[in-house]
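A short reminder: the numbers here are calculations on the coordinates, not readings from a lab. None of the values given here were measured: they were computed from a predicted structure. As a convention, Cβ positions derive from the backbone with ideal geometry for all residues, glycine included, and neighbour counts pool all protein chains shown.
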Amino acid sequence: MRKGAQIVLDCLRAEGVDLVFGYPGGAIMPLYDALEGSGVRHILTRHEQGAVFAAEGYARVTGKTGVAIATSGPGATNLVTGIADAKMDSVPLVCLTGQVRSPLIGSDAFQETDVFGMTLSMTKWSRLVKTIDEIPAVLAEGFYWARSGRPGPVVIDLPTDLLKASIDFKGPVQFTPHARTADAKAEPAFTDTVIALLQKAKKPVALVGAGAKLSGAIDDLRRLLDRLNIPTFATVHGLGAIHPDAPYYLGMVGMHGTRAANMALHENDLLLVFGARLDDRVTGDPSRFAPDSKIVHFEIDPGQLDRVRACELPVIGDLAETIPAFHAELNHAQLPDWSQWRSIACGPDRAELDPRGLAQPTIRFLDEVFSRLPKNNVIVADVGQHQMWAAQRFHADSPRGFVTSGGLGAMGFALPAAIGIQLAQPETTVLCVSGDGGFQMNIQELATVRRLGLPVKMIIIDNQYLGMVRQWQQLFYQRNYAETDLSDNPDFVEISKAYRIHAQRLNEDQMREYPVSQETANEIDRFLQSPEPELLVFDCHPEANVYPMVPAGAALSEMLYEEE
Ligand SMILES: Cc1ncc(C[n+]2csc(CCOP(=O)(O)OP(=O)(O)O)c2C)c(N)n1
Ligand SMILES: [Mg+2]
């Protein structure tokens with residue numbers, strides 16, 4: 001005989017889970033009671049949002065399914081932002097929530113919330129477990145959906161009486177999807193059509209998104225793009241998919257993308273999209289997006305097609321299958337000479353302007369830190385100006401080397417995500433870049449960092465503002481800085497010390513000479529190489545802005561640059 005709680009943990013082990021993140025409470029107590037000896041290590045965060053973001057961080061760098069656990073009611077509602085985040089960014093995540101006793105469901109019992117209903121529009125799949133017997137099948141199916149196809153979040157709600165009850169348990173089961181739910185597949189003839197389109201194209205380009213790395217098709221994609229040798233750019237989640245030194249690579253595209261990437265995306269006549277959904281941060285004004293372009297969309301999720309406008313050719317399926325199939329046929333094809341187009345798109349006229357203006361010291365600071373990072377590293381950025389500066393300046397060369405909340409843009413993501421990443425990769429230098437606003441959204445996780453002794457390297461870009469919002473207020477709301485002033489920030493160095501984490505401050509003056517002084521370089525090296533958790537606060541000019549910028553509602557070619 002095994003209790004429901006033990007069965008849940010047995011099923012987690014059967015799914016290969018050995019690390020979970022969570023926070024206990026009444027309804028989920030039976031699961032916590034069964035943890036010891038289960039083979040599942042539990043990480044106690046200091047807020048359920050910390051747990052779900054940590055589980056996401058773990059999942060984003062390993063590709064494995066992250067697991068977050070919370071109690072009913074307030075515990076479950078605290079998970080919601082993370083669930084929405086995992087949906088937007090295609091992160092495999094299983095959330096286990098305690099629920100009130102089965103007979104009380106629907107009675108407004110103490111700490112009862114309808115987590116199933118509440119998260120219905122943001123989960124890939126969810127269940128309220130009704131009987132103890134169905135626990136193994138529900139867990140197996142939940143894990144299957146979290147990681148299959150386009151990955152995403154799953155919620156499994158577990159009434160406390162079922163966790164406490166016992167049955168004669170025969171062992172975990174496997175889930176096999178019904179044949180008709182198998183993923184849609186591209187017509188094999190698609191290769192001929194893409195090749196015909198390429199042969200007619202004068203200005204072809206490639207856009208790489210998160211799907212490229214989720215499919216595990218990076219090596220195939222890099223080989224394909226080497227063969228095509230066409231101007232190529234990446235979404236924020238595609239950063240690292242293409243080697244930053246590839247001669248045809250133009251960097252990040254979109255609202256704060258590079259000049260070269262945005263111009264090439266605007267001017268092309270054939271756009272090959274590899275696993276990106278053409279979000280409005282990438283396209284600019286959809287009605288003026290890439291006006292001459294025909295779109296070939298390699299995508300696993302048919303729901304992501306035709307969002308901006310109808311594509312010429314959808315290539316539905318796992319990129320790990322469709323890319324090699326396409327490349328094999330391409331080997332027999334004659335392709336036009338695109339060298340003239342390449343020299344315009346990748347040429348010196350499109351090169352990025354050197355950083356100038358008020359953001360220059362901050363950008364130099366980030367450059368200095370990034371250039372001194374040990375080789376084996378992951379950057380996790382929060383949300384705001386610092387996120388975009390980090391995305392622009394960090395030249396990730398591994399597909400899971402730059403982690404951020406891109407689709408949802410959830411402030412407070414970075415610190416807990418860094419915890420999950422560091423636990424997944426103890427040998428890696430995990431650098432967490434946050435703003436003064438976002439850091440305060442999950443600052444309590446400093447306690448988790450301390451408790452676990454994780455050597456996470458934390459940077460706060462302290463501009464005393466909700467900077468990204470202030471930038472929009474400056475540019476589009478006549479400098480009406482309504483409720484974005486954070487000049488009463490606490491002293492982050494002192495706060496960090498209270499958590500028994502070493503902290504220090506660097507200021508803009510230390511970045512005025514470049515390269516920086518030996519003393520400053522040594523401080524940065526010490527920060528990066530310390531075996532302990534470390535916080536480094538950088539005092540950024542309050543009115544520094546992120547450029548280039550495609551204003552909301554503008555076309556990609558209408559970028560704004562830093563004023564002198
Ligand atoms: C949870 C959440 N609330 C509000 C926002 C809207 N928002 C986007 S960026 C930003 C400012 C972030 O400020 P800070 O963390 O200091 O970073 P900065 O832009 O100054 O670098 C805000 C409020 C958000 N993205 N997420
Ligand atoms: Mg700020």
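The relative contact order of the chain, computed from alpha carbon pairs under 8 Å that lie at least 6 residues apart in sequence, is 14 percent.
As a ratio to 2.2 N^0.38 Å, the alpha-carbon radius of gyration computed for region 1-82 takes the value 1.04. Cα gyration tensor of region 1-158, axes a ≥ b ≥ c as square roots of the eigenvalues: rounded (a/c below 1.5), prolate (a/b > b/c) or oblate? It is rounded, given that a/c, with a ≥ b ≥ c, falls under 1.5.
Specify whether the C-alpha gyration tensor of region 315-369 places it in the rounded, prolate or oblate class, a ≥ b ≥ c being the square roots of the eigenvalues: rounded for a/c under 1.5, otherwise prolate if a/b is larger than b/c and oblate if not. Oblate is the answer for region 315-369, as a/c is 1.5 or above yet b/c matches or exceeds a/b. Rg over Rh of the chain, using C-alpha atoms and the Kirkwood radius, what does it come to? My calculation of the ratio gives 0.98. Near Val315, the amide H atoms lying under 5 Å from its own belong to His297, Phe298, Glu299; only residues 5 or more places off or on other chains count, and H is placed 1.01 Å from N.
Here is the list for region 492-564: trypsin sites (Lys or Arg not before Pro) lying in DSSP coil, each with at most 15 other C-beta atoms within 10 angstrom of its C-beta, are Arg500, Arg512. Working note: Karplus 6.51/-1.76/1.60 with θ = phi - 60° gives region 311-323 the couplings 8, 5, 8, x, 10, 8, x, 5, 4, 5, 9, 6, 5 Hz, where Gly and Pro are set to x. For region 83-224, taking Cα atoms only, Rg and Dmax work out to 21.1, 68 Å respectively. Amide H to amide H, with H built 1.01 Å from N, Leu93 comes under 5 Å of Gly66, Gly152, Val154, counting only residues 5 or more places away or on other chains. Rounded to whole numbers, the Karplus 3J(HN,Hα) couplings from phi for region 395-401 are 9, 4, 10, 10, x, 10, x Hz, using 6.51 cos²θ - 1.76 cosθ + 1.60 with θ = phi - 60°, and x at Gly and Pro. Each peptide in 63-76, 350-363 gets a packing score, the mean of other Cβ atoms within 10 Å over its residues, and the list from highest to lowest is 63-76, 350-363. Note on Phe175 and Arg13: the model spin-label points, each 7 Å out from Cα along the C-beta direction, lie 2.1 nm apart. Once the gyration tensor of the Cα atoms in region 493-564 is diagonalised, the equivalent ellipsoid follows with semi-axes of 33, 17, 12 Å, ordered largest first. A Förster distance of 35 Å, applied to the separation of the beta-carbon atoms of Ala482 and Asp33, puts the FRET efficiency at 0.10. For region 386-470, rounded, prolate or oblate, judged on the Cα gyration tensor with a ≥ b ≥ c (square roots of eigenvalues), a/c < 1.5 rounded, else prolate if a/b > b/c? Verdict is oblate for region 386-470.
Straight-distance candidates among the lysines for linking to Lys164, with alpha-carbon spacing under 29 Å and chain neighbours fewer than 8 residues away dropped: Lys3, Lys64, Lys124, Lys130. Sorted ascending by nearby beta carbons within 10 Å, beginning with the fewest, Met1, Met29 become Met1, Met29. For region 396-483, the relative contact order comes to 26 percent (Cα pairs under 8 Å, sequence separation of at least 6). For region 152-168, backbone phi angles converted through the Karplus equation (6.51, -1.76, 1.60; θ = phi - 60°) give residue-by-residue couplings of x, x, 10, 10, 10, 9, 10, x, 5, 5, 6, 5, 8, 5, 10, 9, 7 Hz, Gly and Pro being listed as x. Of the residues Glu56, Glu427, the one with the fewest other Cβ atoms within 10 Å heads the list, and the complete ranking is Glu427, Glu56. With both residues required to sit in the chain, DSSP beta bridges show an antiparallel share near 5%.
Mean residue ellipticity at 222 nm, helices only, the chain: -9500 deg cm²/dmol; runs of at least 4 DSSP H residues each add -39,500 (n - 2.57), and the sum is divided by the number of residues.
Net length available on complete extension from Lys200 to Arg526 is 111.9 nm, with 0.36 nm assigned per residue and the Cα-Cα distance removed.
Subtracting the Cα-Cα distance of Glu558 and Leu475 from 0.36 nm times their residue separation leaves 28.4 nm of extension gain.
Sorting 283-291, 17-25 by average packing, meaning the other beta carbons within 10 Å per residue, from highest down gives 17-25, 283-291. Distant-in-sequence amide contacts of Arg505, defined by a placed amide H-H separation under 5 Å and a gap of 5 or more residues or a different chain, comprise Val537. Here the contact order of region 431-564, divided by its residue count and restricted to Cα pairs under 8 Å and six or more residues apart, works out to 29 percent.
Highest average first, the peptides 4-13, 318-327, 380-389, 154-163 ordered by how many other beta carbon atoms sit within 10 Å of their residues are 380-389, 154-163, 4-13, 318-327.
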